[in-house]
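Below: the structure, in structure tokens.
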Amino acid sequence: MDRLKGKVALITGGGMGIGRASALRFAHEGATIVIAEKDTAAGEETVSKIRELGGEALFVQTDVTEADDVKNAVDSTVQRYGRFDIIYNNAGGSTVRDARVTDAPFEEFWSKIKLDLFGTWLGCRYGIQAMMDAGHGGSVINCTSIFALIGTHGKDAYTAAKGAISALTRSMAVEYSQYNIRVNAVAPGATATARVLKLLKEDNVTSKSLDGQLFGIIDPEHVAYAALYLASDESKSTTGHILSVDGGLTIS
């Protein structure tokens, strides 16, 4: 229960799904948690759950596509707790409007780039700066997708954004190693979140990908454990790594 004792972790999109599961897992392991979430009710509910477990948590209403919001979330973390150790850029997602590149609406492409890629870029921009200012290193965890690692149908906007996150992760791992900051990513397959469960009913691409997952749909808690490893000191020699939690999809 002490794998993150004394550390402060900021989690974007921590109000639900993988973000909430990770927040609860990190708190269970001793971390102080800041939930940066657009949905106020969801974010405050996660904070309440952490406090019920005896943990310390703060909610900061945050739209990750807005630079001022992300900077405020990081600044609020440092002001409240005096340190900044972990940022988990979890916020993101896809929709049924996505399609192959010749068919996808322009607005869907820019929406995915802004939410998934730019939101992650902003988290890294301000989160890494806070780690450099503190001078004690830290862990950056980005959320890409298994769709960024395989060929698939009908998700060209989403895969473009998530593929860019994978490349950005590797580049930043090299760039910031001199500050003892490691940068890694998790790449989940189809995971049992409310958003994905809804997509499975509406989106043929997501449902087909699930067919290739040898252990079926993934529990959000299993992604949280992968993120926990990357957040903890156990991964001090791991950087630039994309950790797949895909139920064997990439080998099936």
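The values are calculated or read from the model by the stated rules, or taken from the named source; none is laboratory data. Since this is a predicted model, take the numbers as computed values, not measurements. Every residue, glycine among them, receives a Cβ derived from its backbone with ideal geometry; neighbour counts consider all protein chains shown.
Here is how the numbers come out for the structure above:
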item: Hey, Gly92 part of a loop (DSSP other than H, G, I, E, B), touching an Asp or Glu at 6+ places or on another chain (Cβ under 6 Å) and surrounded by fewer than 18 Cβ atoms within 10 Å (Cβ to Cβ) or not; result: no
item: Failed condition for Lys155, given (1) at pLDDT below 95; (2) farther than 27 Å from Ser209 by Cα; (3) of a type in the set (Lys, Arg); result: (2)
item: Filter result for the condition that a residue is crowded, with 24+ Cβ neighbours inside 10 Å and not in a strand (DSSP E or B), over Gly54, Gly43; result: Gly43
item: Sole residue being hydrophobic (A, V, I, L, M, F, W, C) and surrounded by fewer than 20 Cβ atoms within 10 Å (Cβ to Cβ), chosen from Val174, Val223; result: Val174
item: Hits in the range 164-216 - residues which are more than 20 Å from Ile242 (Cα to Cα), within 21 Å of the chain's Cα centre (by Cα) and among the charged types (D, E, K, R); result: Arg195, Lys198
item: Failed item in (1) crowded, with 19+ Cβ neighbours inside 10 Å; (2) assigned to a helix (DSSP H, G or I), with Ser48 passing the rest; result: (1)
item: Top-ranked residue of the range 144-167 - restricted to ones that are free of Cβ contacts under 8 Å to residues at least 24 places away in the same chain, of a type outside the set (Val, Ile, Thr) and not in a loop (DSSP other than H, G, I, E, B), ranked as surrounded by the fewest Cβ atoms within 10 Å (Cβ to Cβ); result: Ala167
item: Enumeration of residues in the range 39-62 that are closer than 17 Å to Tyr88 by Cβ and in contact with a strand residue (DSSP E or B) (Cβ under 7 Å, 6 or more places away or on another chain); result: Gly43, Thr46, Val47, Ile50, Gly55, Glu56, Ala57, Leu58, Phe59, Val60, Thr62
item: Any pair with Cβ under 7 angstrom, 6 or more apart, that starts in the range 168-188 at a residue that is on the phi > 0 side of the Ramachandran plot and ends at one that is surrounded by fewer than 24 Cβ atoms within 10 Å (Cβ to Cβ) and modelled with pLDDT of 95 or more; result: Asn180/Gly137
item: Those residues of the range 72-94 which are under 29 Å from Ala160 (Cβ atoms) and within 17 Å of the chain's Cα centre (by Cα), in sequence order; result: Ala73, Val74, Ile86, Ile87, Tyr88, Asn89, Asn90, Ala91, Gly92, Gly93, Ser94
item: Condition met for Glu37 (at negative phi and free of Cβ contacts under 8 Å to residues at least 12 places away in the same chain); result: no
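Listed here are the residues, each with its yes/no results for (1) out of contact with any Phe, Trp or Tyr (no Cβ under 9 Å at 6 or more places or on another chain); (2) touching a residue at least 60 places away in the same chain (Cβ under 8 Å).
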position: Arg3; (1), (2): no, yes
position: Thr12; (1), (2): no, yes
position: Phe26; (1), (2): no, yes
position: Leu53; (1), (2): yes, no
position: Leu58; (1), (2): no, no
position: Asp69; (1), (2): yes, no
